[in-house]
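The values are calculated or read from the model by the stated rules, or taken from the named source; none is laboratory data. Every value quoted in this text rests on a predicted model; they were computed, and no experiment measured them. Note that we place each Cβ from the backbone using ideal geometry, even for glycine, and neighbour counts take in every protein chain shown. Accessible surface is based on the protein model in full, side chains and every heavy atom, while ligands, DNA and RNA are left aside. Shrake-Rupley method; radii C 1.70, N 1.55, O 1.52, S 1.80 Å.
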Amino acid sequence: MAAMGKSSAPNPKVDAFLRRAKTWQAESEKLRAILLACGLEEELKWGKPCYSAGDNNIVILQPMKPHLALMFFKGALMKDPKGVLEEQGPNSRSARRICFRKLQDVVKLKPVVQAYIREAIKIEESGVKVEKPKELALVEELQKALAADRKFKAAFSALTPGRQREYNLHFSSAKQSATRAARIEKVRPKILAGKGFRDL
């Protein structure tokens, strides 16, 4: 597990990622320094800077249009005394995130981030797991689309359970079958690219 207080070395792949970043560069650099100082190991996973303790993912940086998010993989198990953790979406069971909208947010929340990292590491060390969701009941139109296209089915199956649920929720919220089918077609390229509904 990560040794709090002992800084970890930066990963050259993340250096390259940050150099290429068109948004949230300063905020990402500042957060990165905090995370490395917490002793977390840095890697590039799912195309984003990810921080782990041992073999366990703790947090990942998610640059989005309205904000930069620091997502805790098991945030649902955390206490959140400062009330800064937000749900990923209506269908997210495990992950929670802190959203930063300017550099000053990162500076102001540094002690909170450090305390939450310590708690997240303790949760991993305890071995406690987030309760598994019930099996996902896919809408009929999605079932048909997956059955008709092996490549599409493989791409959807490769998505994380949370991403699958979020897509399914988006499709099922349409009242008419034609609208559900149109929504599926609209996001088909994103799914084939391995992206979640909210990913850029």
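Within segment 13-34, residues that are polar (S, T, N, Q) sit with their Cβ atoms under 7 Å from residues that are open to solvent by less than 40 Å² (accessible area, probe 1.4 Å), at 6+ positions apart or across chains, in these pairs: Thr23/Pro63; Gln25/Leu18; Ser28/Leu18; Ser28/Ala21; Ser28/Leu61; Ser28/Pro63; Ser28/Leu68.
Restricting attention to segment 68-120, the residues being at pLDDT 90 or above, of a type outside the set (A, V, I, L, M), open to solvent by less than 30 Å² (accessible area, probe 1.4 Å) and in contact with a Phe, Trp or Tyr (Cβ under 9 Å, 6 or more places away or on another chain) number 5. Within segment 23-45, can one find any residue that is open to solvent by 10 Å² or more (accessible area, probe 1.4 Å) and within 11 Å of the chain's Cα centre (by Cα)? Yes: one or more hits.
Filtered by the rule that a residue be assigned to a loop (DSSP other than H, G, I, E, B), touching a strand residue (DSSP E or B) at 6+ places or on another chain (Cβ under 6 Å) and not small (Gly, Ala, Ser), segment 85-128 gives a lone residue, Leu85. Checking each residue of segment 139-156 against the condition of being on the phi > 0 side of the Ramachandran plot and at pLDDT below 90 gives no match. Counting the residues of segment 168-186 that are farther than 22 Å from Lys74 by Cβ and surrounded by 15 or more Cβ atoms within 10 Å (Cβ to Cβ) gives 9. If I filter segment 8-21 for residues that are open to solvent by less than 10 Å² (accessible area, probe 1.4 Å), within 24 Å of Ala158 (Cβ to Cβ) and within 18 Å of the chain's Cα centre (by Cα), do I get at least one hit? The answer is yes; a qualifying residue exists. Of the residues making up segment 100-139, those that are of a type outside the set (Val, Ile, Thr), touching a residue at least 40 places away in the same chain (Cβ under 8 Å) and over 21 Å from Lys74 (Cα atoms) number 3. Look at (1) open to solvent by less than 50 Å² (accessible area, probe 1.4 Å); (2) in contact (Cβ under 8 Å) with a residue 24 or more places away in the chain; (3) within 21 Å of Val14 (Cβ to Cβ); (4) under 14 Å from the mean Cα position of the chain (by Cα) and you find that Ile60 fails only one, number (2).
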